[in-house]
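J.: So that we are looking at the same thing, I have put the structure below in structure tokens.
Every read-out reported here was derived from the displayed coordinates using simple, explicitly stated rules and does not represent laboratory data. Remember, predicted model here, so these are calculated numbers, not experimental data. When we count neighbours, we look across all protein chains shown, and the Cβ atoms used for this are built from the backbone with ideal geometry, even at glycine.
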Amino acid sequence: MLTKRVIACLDVDAGRVVKGVHFADLRDAGDPAELAPAYSRSGADEIILLDISAANQKRSTLLEIVRKTAQHLFVPFTVGGGIRSLNDATAVFDAGADKIAVNSAALENPALISQIARRYGSQAVVVAVDAKSSFTLRGNYEVWACGGKQSTGKEVLAWVRETEDRGAGEILLTSIDRDGTGDGFDCELTARVAVAVRIPVIASGGAGNACHFVQVFKEGKADAALAASVFHYGINTLSGLKQELALAGLPVRWPC
Amino acid sequence: MIAILDYDAGNLASVKKAVEYLGYPCVVTSDPLEVERADKILLPGVGHFSATSNLEARGLSAVVRNAMSREIPLLGICLGMQWMFESSEEAPEVLGLAWFRGQCQRFPDRIKVPHVGWNQLRVRNTGRLFQNIPSGTFMYFTHSYWAPVVECTTAECEYGTAFSAGVERGSLFGVQFHPEKSGDPGLTLLRNFCEL
């Protein structure tokens, strides 16, 4: 049976991991090239590296980090942050990424999704969607751009369907309301998106404990769940989390 | 030397990295002469079935067929395995190598496509490729089309339907999953191939 995936996210600023350093019981390495294989050994099904550096001049640094991180990593590896063109994507793939994640650039220029999908296949294109509940959209969710700083007026379900039509292979759905709270994933948002599209949905934002993962897989109908800083709040290791998910009757890769 | 065939079908770097990590010399190439000298051939590939027509265009199909008749071990990964079948619904006008019977088909609409993630194998016949890889092992898959279960199927997987996860006949091998992305079990499988 296809398993539910647990994805470890490395938020990287200027070459160092800035969140989630307790994922694998490590005392800060901070170095993504050390953390990624460690997460993989302790049970992460996939690694996502998000470059949250604001400045574009750090691109060459990022590519070097991607190269080093991918060197000894033998699980799927997604890279996102600042990918604005097919050329940017090519550079990241050449550095060793298996998939790229696009967000703001896809909102500005939705054709970018199909350009990358045509060249590398849909399975290599993750569209990251940052969603926030909205009064103006009457209880629906709105898509935000630029790391959750810029309103777009777009309704989430319309946008995810469009990205699917344009060739997105997966949706990385982050709840801005829940992100960093540890209060649990937004299961309602996740379920709405998961039934609206026919591509896998990765839930993100709000993970605080193992129960939250169980909920988002069961109620939220998520195909995968991502977390970065969750292990500050009580779960010590990824392997412990995988064990708990297996005990809850969820199909997970455990033992792995 | 292991030749990793470059035919513009996705990212070959990860396969090369894994083979190098295991300590076997390899080269990514689209040069027919270089492929002819190789003692093993890896046919990776993600992407559209029509990309396999690049193999024809680059004169690689003939070299691959020739290698097969010389019993040079060949491992097709993902699209590379599907190419070893007769054809695919994805690009019906493009012919496969027809080393294995049947047509690759798209997963049904009632389930999510692509099939992405870790799924378990049912090993029917260990053969040479699945040594030390028991039934129940998880491997990483990402594909929208599936190859049918045939006589030469060594491992099956299930997603909406049972399909070929591994095939083997003589010196011909194919896997639908990505061993280079499947952690330790995937590396074990690649080592089995490199050691042939």
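J.: Separation between the B:THR161 and B:ARG101 pseudo-spin-labels, each 7 Å from Cα along Cα→Cβ, expressed in nm?
T.: 1.7 nm
J.: Let me ask you something else. Given segment B:2-194, what percent of its DSSP beta bridges are antiparallel, to the nearest 5? Don't skip to the answer; put the middle values down first.
T.: Values: 20 of 36 bridges.
Bridges in segment B:2-194 that DSSP calls antiparallel: roughly 55 percent.
J.: Of all DSSP beta bridges in the protein assembly as shown, what percent run antiparallel (nearest 5)? Don't jump to the answer; show the numbers that get you there.
T.: Working: 29 of 78 bridges.
If I count the DSSP bridges inside the protein assembly as shown, around 35 percent turn out antiparallel.
J.: Can I ask one more? Could you line up A:TRP144, B:TRP83 from fewest to most neighbouring Cβ atoms inside 10 Å? Can you show the working numbers first?
T.: Working: A:TRP144 23, B:TRP83 29.
Ordered from fewest to most neighbouring Cβ atoms within 10 Å, A:TRP144, B:TRP83 come out as A:TRP144, B:TRP83.
J.: Could you give the dipole magnitude of chain A about its Cα centre, charging the beta-carbon of Lys and Arg +1 and that of Asp and Glu -1, in debye to the nearest 20?
T.: Numbers: 27 positive and 29 negative charges, 67 e Å.
For chain A, the charge dipole is close to 320 debye.
J.: How many Cβ atoms of partner chains, on average, are near each residue of A:116-125 if near means within 10 Å of its Cβ?
T.: The shielding value for this peptide is 5.
J.: Sticking with this structure for a sec: Find the relative contact order for chain B and round it to a whole percent, using C-alpha pairs within less than 8 Å whose residues are 6+ positions apart.
T.: Values: 442 pairs, mean separation 38.0, N = 196.
The normalised contact order for chain B reaches 19 percent.
J.: Okay, moving on. For each of A:CYS146, B:CYS194, B:CYS78, count neighbouring Cβ atoms within 10 Å of the residue's Cβ, then give the residues from fewest to most.
T.: Values: A:CYS146 14, B:CYS194 19, B:CYS78 26.
Result, fewest neighbours first: A:CYS146, B:CYS194, B:CYS78.
J.: How crowded by other chains is A:91-100, given as the mean number of beta carbons from other chains within 10 Å of each beta carbon?
T.: For this peptide, the per-residue mean of nearby foreign Cβ atoms is 3.
J.: Beyond 39 Å, what share of the Cα-Cα pairs of the protein assembly as shown is found? Please give it as a whole percent.
T.: Details: 17243 of 101926 pairs.
That tail contains 17 percent of the Cα-Cα pairs.
J.: Of B:ASN54, B:ILE2, B:HIS115, which is farthest on the positive side of the dipole of chain B, counting Cα position, with +1 on Lys and Arg Cβ, -1 on Asp and Glu Cβ, and the Cα centre as origin?
T.: B:HIS115
J.: With r defined as the distance between the Cβ atoms of A:GLU108 and A:GLU188 and R0 fixed at 35 Å, what FRET efficiency is calculated, to the nearest 0.05? Display every interim value, and only then the final one.
T.: Numbers: r = 28 Å, r/R0 = 0.80.
In this case the efficiency is close to 0.80.
J.: Would you mind ranking B:SER164, A:SER134 so that the residue whose beta carbon has the fewest other beta carbons within 10 Å leads the list?
T.: Details: B:SER164 26, A:SER134 17.
Fewest to most other Cβ atoms nearby, the residues stand as A:SER134, B:SER164.
J.: So for each of A:67-79, A:202-214 I average, over its residues, the number of other beta carbons within 10 Å; can you give me the resulting order with the highest mean first? Don't skip to the end; give the middle numbers.
T.: Details: A:67-79: 21.9, A:202-214: 23.6.
Result, highest mean first: A:202-214, A:67-79.
J.: Taking Cα centroids, how far is segment A:166-219 from segment A:37-53 in Å?
T.: Cα centres, segment A:166-219 to segment A:37-53: 18 Å.
J.: What is the local net charge at A:ASP223, summed over the other residues whose Cβ is closer than 13 Å to its Cβ (Lys, Arg +1; Asp, Glu -1)? Provide the component values of the computation, followed by the final result.
T.: Numbers: positive: A:LYS4, A:ARG5, A:ARG198, A:LYS218, A:LYS221, B:LYS112; negative: A:ASP45, A:GLU46, A:GLU170.
Here the count lands on +3.
J.: Considering only Cα-Cα distances, which of the following residue pairs are longer than 18 Å: A:LYS154/A:LYS218; A:LYS99/A:LYS154; A:LYS149/A:LYS221; B:LYS16/B:LYS40?
T.: On the way: A:LYS154/A:LYS218 27 Å; A:LYS99/A:LYS154 25 Å; A:LYS149/A:LYS221 28 Å; B:LYS16/B:LYS40 13 Å.
Where the Cα-Cα span goes over 18 Å, the pairs concerned are A:LYS154/A:LYS218; A:LYS99/A:LYS154; A:LYS149/A:LYS221.
J.: If we count every other residue with Cβ under 10 angstrom of B:TYR7's Cβ, Lys/Arg +1 and Asp/Glu -1, where does the sum land?
T.: Values: positive: B:ARG58; negative: B:ASP6, B:ASP8, B:GLU56.
Combined, the nearby Lys, Arg, Asp and Glu give -2.
J.: Report the label-to-label distance for A:GLN115 and A:LEU250 in nanometres (one decimal), using points 7 Å from each Cα along the Cα→Cβ vector.
T.: 3.7 nm
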